[in-house]
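As structure tokens, the structure follows; a few thoughts come after it.
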Number of protein chains: 2
Amino acid sequence: MKLYDYFRSGAAYRARIALNLKGLDYEHFSVHLTRAGGEQFNPEYANLNPQNLVPALLDGDAVLIQSMAILEYLEETHPEPPMLPRDPRGRARVRALANIIACDTHPLNNLRVRLYLTGEMGVSADNAKVWIEHWIRLGFDAYEKLLTGDPATGTFSHGDTPTIADVCLIPQIANARLNKVDLSNFPKLLKIEAAANAHPAFERALPANQPDAE
Amino acid sequence: MKLYDYFRSGAAYRARIALNLKGLDYEHFSVHLTRAGGEQFNPEYANLNPQNLVPALLDGDAVLIQSMAILEYLEETHPEPPMLPRDPRGRARVRALANIIACDTHPLNNLRVRLYLTGEMGVSADNAKVWIEHWIRLGFDAYEKLLTGDPATGTFSHGDTPTIADVCLIPQIANARLNKVDLSNFPKLLKIEAAANAHPAFERALPANQPDAE
């Protein structure tokens, strides 16, 4: 498989963790999102992914885009070890947690949105920080509440092995740390972060451990 | 089943379409998102959904939140008629199309984001319109390109029956029309809209046909 990746991208980070969890080797192709106006706008890449976003995953002649669709594809084509529980209610819980990050937190704070906010919208850099922190806090507040008092919560978000919820959560925590968001109100999230830090699939996916890290 | 719903919510609209496609009856509970500061902040509702968003779906004693997780749950618990193709590549294509809307378009434009933009961020109402149109156009541009020239595209986004891609697309088109976005550059999306308009599951889910419509 070939992963079109960027070390700083939270969505690409999810794909890296999932590939590692599944024990799948992949070739890394860096798509630098800020150099020379953004390599994601190069015609060859735009042809793979007309959204001009990372990641994209090539599996044979299949071109896969959108990180959440990639996670589900990897789960379906390489079921072991599972990233989703077996029961529909458990799966719904894991997907809901994942989507708190993937739909309602990350997309509000990614590079293209920050640039548009401080560019076309004329929002100051200080206010852009307020914006970023606001959406991270809202997402993490809900996530923490859903973990609290639910017997399904374990070492990870759902049980004692990583699921797609953790695959989404960990890159978002890394992003929150980059943005110096105070995380002391989220003790359950911090416990999961500690568990992930001790897991080789998460460790190898760290932005700092990527070939294009700066 | 019980659906906590609001006629204007694009995410709740997805859940309504999916329930109708599966032929499932449900009780409707309206959560008015703007009356008296927003009924989604009432303690009883916040207890069901700590994100204070709609929809939430009760199935027996299971509380389901996040519309995309709800769609997958309905697909797993009521497989017929399918809202996802059988092959992993097809499923990945449908989920990617769905997530162009569910991750990268809708969350940038929903009520809480528009309020925060024009409130705390001090963005003018005119600029907020520019913002809304910008993200809708970007999402629709990519969606239209992915439909074009792909033999998997049919009457609907993937084949000739509705999938979760269409379940996400149609409420986003309705939202674009509310915001008077020019859709003439998206002929394939407009064809799918016409197909959905002729489909009873979509027709019954229309905002105007809900008990809480204003």
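Tabulated data for the structure shown
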| read-out | value |
| --- | --- |
| Linear extension gain, residue A:80 paired with residue A:208, 0.36 nm per residue minus alpha-carbon span | 43.4 nm |
| Surface per residue (accessible, 1.4 Å probe) for the protein assembly as shown, Å² | 41 Å² |
| Accessible surface of chain A, 1.4 Å probe, proportion on carbon and sulfur as whole % | 53 percent |
| Reachable lysines, given that their alpha-carbon falls under 26 Å from the alpha-carbon of residue B:22 and they are not under 8 places away in the same chain | B:2, B:188, B:191 |
| Interface size B-A, as summed buried accessible area [1.4 Å probe, Å², nearest 100] | 4100 Å² |
| Other copies of residue B:36: label-to-label distances in nm, shortest first, labels 7 Å along the beta-carbon direction | 6.0 |
| Distance between modelled label sites at residue B:129 and residue B:141, nm, 7 Å Cα→Cβ extension | 2.1 nm |
| Euclidean distance between Cα centres, region A:9-27 to region A:189-214, Å | 11 Å |
| Over chain B: helical MRE at 222 nm, DSSP H runs n ≥ 4 each giving -39500 (n - 2.57), nearest 500 | -15500 deg cm²/dmol |
| Radius of gyration and maximum dimension Dmax of the protein assembly as shown, Cα, Å | 20.1, 55 |
| Stokes-Einstein D for chain A, Kirkwood Rh over Cα pairs, 4 °C, 1.567 mPa s (µm²/s) | 73 µm²/s |
| Residues whose placed amide H lies under 5 Å from that of residue A:62, excluding near-sequence neighbours | none |
| Label point 7 Å beyond Cα along the C-beta direction, distances from residue B:133 to other copies (nm, shortest first) | 3.4 |
| Intensity falloff of region B:130-197 expressed as log10 I(q)/I(0), Debye formula with alpha-carbon point scatterers, at q = 0.12, 0.27 Å⁻¹ | -0.27, -1.33 |
| Positive-end extreme of charge dipole, region A:88-202 - chosen from A:157, A:124, A:108 (charges on Cβ) | A:157 |
| Tensor-based shape of region B:170-214 (alpha-carbon gyration tensor, a/c under 1.5 rounded, otherwise prolate or oblate) | oblate |
| Relative contact order %, chain B, counting alpha carbon pairs below 8 Å whose residues are six or more apart | 26 percent |
| For region A:2-80: Kirkwood Rh in Å [reciprocal of mean 1/r, alpha carbons] | 12.6 Å |
| Gyration tensor over alpha-carbon atoms, region A:88-202, equivalent ellipsoid semi-axes in Å | 27, 14, 12 |
| Label spacing, shortest first and in nm, from residue A:161 to its equivalents in the remaining copies (7 angstrom along Cα→Cβ) | 3.3 |
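The values are calculated or read from the model by the stated rules, or taken from the named source; none is laboratory data. None of the values given here were measured: they were computed from a predicted structure. Here Cβ is always computed from backbone atoms with ideal geometry, including for glycine, and neighbour counts include all displayed protein chains. When the accessible area is computed, the model is the full protein with side chains, heavy atoms only, and any ligands, DNA or RNA have been set aside. Shrake-Rupley method; radii C 1.70, N 1.55, O 1.52, S 1.80 Å.
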